[in-house]
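Visitor: First the structure, which I've put down as structure tokens, then a few questions once you've had a look.
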């Protein structure tokens, strides 16, 4: 068995719920809105929000391209089980209009997928602006560290309550919180194009990825990570490269230093 395995702890739940309650309260907003996809991460965040601030202050929005099929059915059922608000908006007409205006039909699928992620972000912020809500993010630590998110798309949020939990820890939390098996057993996907899966794009399973990321977090040498995580050294190098090359996505736009204190550099807030 590998020595490096991120573990979910039950006290994580109380810490996150306190975080949500504090920051929503401090914002003065009436509640939160999140994209509820029918997948694991958004199901967990919806549950945490409902427990932290009460289901009446939480709105889940389904943002499929088309009817959404089983995923939207699962999202709707979970929203009803939690007692939170629920809406659905088909993003296809908006995304199609973007593609038509940009003549993007022949662009690579990543660029087109990013358009969809940014359309979803725009919808969520419209709801937030008009209803005095915060946009609650559903990204996890595995995605954030590898840059597996769309900047100003699913990465464009106000709070990231599960952002310090690896995907495998989120899975453990989901079991603890009673997320339905139907959602737990799904293959993780961002839903940006047909047949797209997280692990297929990343080229590694989340179980192996998270063991490697934990080793990097602990400042272990690559050889030690490979041994303790029970993965090939080449995979460790690949993940290190992903983390390094996506660093810019985890920062606000960089500003050259000219003043005494510079936003994003040494002006701390």
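The values are calculated or read from the model by the stated rules, or taken from the named source; none is laboratory data. Keep in mind that this is a model prediction, so the values were computed, not measured. As a convention, Cβ positions derive from the backbone with ideal geometry for all residues, glycine included, and neighbour counts pool all protein chains shown.
Visitor: Between residues in the range 240-254 that are on the phi < 0 side of the Ramachandran plot and residues that are in a loop (DSSP other than H, G, I, E, B) and surrounded by 10 or more Cβ atoms within 10 Å (Cβ to Cβ), which pairs lie under 6 Å by C-beta distance while being six or more apart or on different chains?
Guide: 246/147; 249/147; 249/151; 252/264
Visitor: Whether any residue in the range 192-204 is over 25 Å from residue 119 (Cα atoms), in a loop (DSSP other than H, G, I, E, B), out of contact with any strand residue (DSSP E or B) (no Cβ under 8 Å at 6 or more places or on another chain) and touching a residue at least 12 places away in the same chain (Cβ under 8 Å) is what I want to check.
Guide: Scanning the range 192-204, I find at least one residue that is over 25 Å from residue 119 (Cα atoms), in a loop (DSSP other than H, G, I, E, B), out of contact with any strand residue (DSSP E or B) (no Cβ under 8 Å at 6 or more places or on another chain) and touching a residue at least 12 places away in the same chain (Cβ under 8 Å), so the answer is yes.
Visitor: Among the residues that make up the range 248-258, is at least one of them loosely packed, with under 11 Cβ neighbours inside 10 Å, out of contact with any helix residue (DSSP H, G or I) (no Cβ under 6 Å at 6 or more places or on another chain), in a loop (DSSP other than H, G, I, E, B) and modelled with pLDDT of 95 or more?
Guide: Scanning the range 248-258, I find at least one residue that is loosely packed, with under 11 Cβ neighbours inside 10 Å, out of contact with any helix residue (DSSP H, G or I) (no Cβ under 6 Å at 6 or more places or on another chain), in a loop (DSSP other than H, G, I, E, B) and modelled with pLDDT of 95 or more, so the answer is yes.
Visitor: Can you find a residue in the range 44-67 that is in contact (Cβ under 8 Å) with a residue 24 or more places away in the chain, under 30 Å from residue 230 (Cβ atoms) and out of contact with any strand residue (DSSP E or B) (no Cβ under 6 Å at 6 or more places or on another chain)?
Guide: yes
Visitor: Find the strands (runs of 3 or more DSSP E) located wholly in the range 29-137 whose residues include 3 or more that are under 26 Å from residue 185 (Cα atoms) and touching a helix residue (DSSP H, G or I) at 6+ places or on another chain (Cβ under 7 Å), and list them.
Guide: 31-35, 58-62
Visitor: Scan the range 160-173 for residues that are surrounded by 20 or more Cβ atoms within 10 Å (Cβ to Cβ) and more than 25 Å from residue 110 (Cβ to Cβ) and jot them down.
Guide: 161, 165, 168, 169, 171, 173 - these are the residues of the range 160-173 that are surrounded by 20 or more Cβ atoms within 10 Å (Cβ to Cβ) and more than 25 Å from residue 110 (Cβ to Cβ).
Visitor: Return the residues of the range 1-42 that are surrounded by fewer than 19 Cβ atoms within 10 Å (Cβ to Cβ), touching a residue at least 60 places away in the same chain (Cβ under 8 Å) and under 18 Å from the mean Cα position of the chain (by Cα); say none if nothing qualifies.
Guide: Those that are surrounded by fewer than 19 Cβ atoms within 10 Å (Cβ to Cβ), touching a residue at least 60 places away in the same chain (Cβ under 8 Å) and under 18 Å from the mean Cα position of the chain (by Cα): 8, 13, 19.
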